[in-house]
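The structure appears below as structure tokens.
The values are calculated or read from the model by the stated rules, or taken from the named source; none is laboratory data. As the structure is a prediction and not an experimental result, all values here were calculated from the model. Counting neighbours? That spans all protein chains shown, and the Cβs are built from the backbone with ideal geometry, glycine included. Protein only, heavy atoms only, side chains kept; ligands, DNA and RNA dropped before computing areas. Shrake-Rupley method; radii C 1.70, N 1.55, O 1.52, S 1.80 Å.
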Amino acid sequence: MRAMVLRAAGTPLEQAELPDPQPGTGQALVRVRACGVCRTDLHVFDGELPRPKLPLVLGHEIVGEVVSSRGRFEPGDRVGVPWLGWTCGECAYCLTGRENLCDRARFTGYDTDGGYAELCVADERFCFPVPDGFADVQAAPLLCAGLIGYRSLRVAGDAARIGLYGFGAAAHIVCQVALHEGREVYALTRSGDDDAQAFARSLGATWAGDTATRPPAELDAAILFAPAGELVPTALGHVRKGGSVVCAGIHMSDIPSFPYELLWGERVVRSVANLTRSDGEEFLRIAALVPVETRVEELPLGSANEALACLRAGDVRGALVLVP
């Protein structure tokens, strides 16, 4: 099969011909139809997530067709393969509905080969049927950008006014879900990113501006998709007493010190880690109900290095999706 392979952190992905993967017990063989390019892929590429399997095929926003299955699926079924690829099912986290925190978890495109390839194998338990109504490339960003955004929205509680810091793949999806639920959305971007702000307003955001500008209303919660630690005290200064700041990324630069006054008033800073299968099942139902419309740029598999460079530069409106 053809694949884009990471040999060492920071080195360009190499196009290679690899043996077709062979599914093991409980695994399905999936022919990849589309794979989204996620900021987590960039963190792995840069070595900021330090212990990947090497050599490695990146990619964990996979939509594909089942070639063979050990029982859960039929050949030809369309499935999504997310970041969380396996959990032990035995630890205290798994047994209390928090499998996203399993210490032995394995992750797609990190511990196991992912979707920057023509084929992949995946644990059938952690694959999701993809709802009808979504084309393959439109469905791919739902598998991580959508899922993490959705989990972040849920832990933000019943916040009526939501601030989204960084308006890319995840934010443009969760914005639509939040509006569907009757919330107000305030989008905050890098200074001067007029295109992203216009994009947010086109989706129905009440207001869009840069992170240096205070929103026109006090926020009930803030969700940070930009991996910039300095935004945490900024967001704390924008949320009301009792509000929360949710850090949605798997990696973030250091959070600078800030005066206790910003946290006082029972404000909360918390992170969101990975996803659970129940998150995926619930979100995909809601995404079809909204229905979420993902804005994507489709690229050939061999353009993976260029896609990562665009993501690093922030030159993306919506999501980038690779197609074998």
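In whole Å, what three semi-axes, largest first, describe the equivalent ellipsoid of the chain built from its Cα gyration tensor (square root of 5 times each eigenvalue)?
32, 20, 19
Would you work out what percent of the accessible area of the chain, with all protein chains in place, is carbon or sulfur (probe 1.4 Å)?
The computed percentage sits at 49.
Could you give the length gained on full extension between GLU218 and ARG312, defined as 0.36 nm per residue of separation minus the Cα-Cα distance, in nm?
30.8 nm
Need one word for region 37-144: rounded, prolate or oblate. Basis is the Cα gyration tensor (sqrt eigenvalues a ≥ b ≥ c); a/c below 1.5 gives rounded, then a/b vs b/c decides.
oblate
Among DSSP bridges having both ends in the chain, what percentage is antiparallel? Round to the nearest 5.
Of all bridge pairs located within the chain, approximately 50 percent are antiparallel.
Given H placed 1.01 Å from N in the peptide plane, which residues other than close sequence neighbours of THR189 have an amide H under 5 Å from its amide H?
GLY166, GLY209, ASP210, THR211
Count neighbours as other Cβ atoms within 10 Å of each site's Cβ, and list the GluC sites (Glu not before Pro) in region 251-324 that are DSSP loop with at most 10 such neighbours. Intermediate values should be presented prior to the final figure.
Values: sites: GLU261, GLU266, GLU281, GLU282, GLU293, GLU297, GLU298, GLU306; in loops: GLU266, GLU293.
Qualifying residues, ordered by number: GLU266.
Ranking request for peptides 238-246, 130-138: highest mean number of other beta-carbon atoms within 10 Å first, then the rest in descending order.
Per-residue Cβ counts within 10 Å, averaged per peptide and sorted highest first, yield 238-246, 130-138.
Which one, PRO52, LEU119, LEU42, projects farthest toward the positive side of the charge dipole computed for region 42-119 from Cβ point charges (K/R +1, D/E -1)?
Positive-most Cα among the choices belongs to PRO52.
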